[in-house]
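Working notes, structure below.
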Amino acid sequence: MKRRDFVKSLPILAVAPSILSYTQKEEIHLVALGTAASKLIGRSSDNLKVDSITFITDKRPRISKMNCEFIQFAPPNSAYDYYGGFRFLKKEIPMQLELSDQIKQRLDSLKGRVILIAGLGKFTGTFMYSPITNYLDSKGFKTEGLCSLPFEFEGGFWRKASIKTASSIQGNQKVLDFEQIRKQKGNVSIRSAFEYADDWMLGVLRIML
């Protein structure tokens, strides 16, 4: 089976209620949260028919599309344990994270549909997804979410934390469970697994657009 055909056959774990049809004039804005989502959207930005892209992550992705906004975010020092001059992310769920004024101002400036995309499984995507969706909902935005649950080989703590995050969000969202790839395709290499995952995310996003 070709990779593209395989991706089309994958199920979506949770699908939002039917989305109302919109006119072509309505603006569409993507907000990519975390490293994985930002790299994925950055690589594909020239082929996405959207009005703006906002990256919220630690480093600016290498992109060619010009109408992109970068907001730097990194886990706070309290999220790390320190040992022997090195630091490690704690395996615990932090207290509710507050959005910076820069993030709030950027979100407030968007008009139309806002699609938040995040690869759950690391700190930024897992623990900032809820605060951002809650803020957008409180402001009355037409918000849609697209997030993913990590592979089991990425760590039991992060998978459980991601499931908790995804299950707590209400409203229009789609959740892709990457373990479905391994269940359908078998024990593929890590590189191939992530390639299938990227194709799946992009395919669902294009349908949403």
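Overview of values
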item: Residues within region 95-121 that are in contact with a Pro (Cβ under 8 Å, 6 or more places away or on another chain) and either assigned to a loop (DSSP other than H, G, I, E, B) or among the polar types (S, T, N, Q) (or both), tallied; result: 6
item: Residue check for residue 39: within 16 Å of the chain's Cα centre (by Cα), assigned to a helix (DSSP H, G or I) and modelled with pLDDT of 85 or more; result: yes
item: Qualifying positions in region 173-188 - at pLDDT below 90, in a loop (DSSP other than H, G, I, E, B) and at negative phi; result: 187, 188
item: Residues (open to solvent by 10 Å² or more (accessible area, probe 1.4 Å) and in contact with a helix residue (DSSP H, G or I) (Cβ under 6 Å, 6 or more places away or on another chain)) located in region 109-119; result: 119
item: Count of residues meeting criterion [assigned to a loop (DSSP other than H, G, I, E, B) and open to solvent by 80 Å² or more (accessible area, probe 1.4 Å)] in region 61-94; result: 6
item: Subset of region 132-154 [open to solvent by 30 Å² or more (accessible area, probe 1.4 Å), among the polar types (S, T, N, Q) and assigned to a strand (DSSP E or B)]; result: none
item: Filter pass, residue 188 being farther than 27 Å from residue 89 by Cα and of a type in the set (A, V, I, L, M, F, W, C); result: yes
item: When residues of region 43-54 are limited to those that are without any contact (Cβ under 8 Å) to a residue 24 or more places away in the chain and over 17 Å from residue 200 (Cβ atoms), the one most open to solvent (accessible area, probe 1.4 Å); result: 46
item: Scope region 155-209; condition open to solvent by 70 Å² or more (accessible area, probe 1.4 Å), among the β-branched types (Val, Ile, Thr) and touching a residue at least 24 places away in the same chain (Cβ under 8 Å); matching residues; result: 190
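The values are calculated or read from the model by the stated rules, or taken from the named source; none is laboratory data. Quick caveat, the model's predicted, so the values are computed rather than measured. With ideal geometry, Cβ positions are generated from the backbone for all residues, glycine too; neighbour counts draw on all protein chains shown. To get the accessible areas, we keep the full protein, side chains included, count just its heavy atoms, and leave off ligands, DNA and RNA. Shrake-Rupley method; radii C 1.70, N 1.55, O 1.52, S 1.80 Å.
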